Amino acid sequence: MSGRTTCGARLTPSPAVDGATILTTANELVAFGAKITRRRSRPLVERVLVSEFIRDREPGLMGPSQLGGTRHLSAARFAQDQPQSIALVASQDGRFTIFRWSSSDDIVHAHRVEALLL
């Protein structure tokens, strides 16, 4: 299987491991506990467009640090640097955010979905 494993086959998530889990579009494990850094050629992510699945709530702009800590900033950077990707952040406080690049808005879009998980 060329050094990769299918998600769930041999992967046991551990809250003691910090860092990103990276999967291919075929759900093959690429990395676990990875640290994501910014491409030096890309600008800093200063603002993200945030939406929530709550009726009558309009998307708004905010800094990635307003959404959370290092995980959120890393996910926003990754979504900007890899525009075809989707980054998922599950915070220890129970918040869940999906980051993706929005080519129509030319900005990282953060979808807060914890309201759907309750």
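Take each peptide in 66-72, 22-28, count the other Cβ atoms within 10 Å of every residue, and average; sorted highest first, the result is 66-72, 22-28. By the equivalent-ellipsoid construction on the alpha carbon gyration tensor, region 21-111 comes out with semi-axes of 21, 16, 13 Å, ordered largest to smallest.
Any read-out appearing in this document is the output of simple, stated calculations on the displayed coordinates, not a laboratory observation. Computed from a predicted model, the values in this text were never measured in an experiment. Virtual Cβ from ideal backbone geometry, glycine too; neighbours counted across all protein chains shown.
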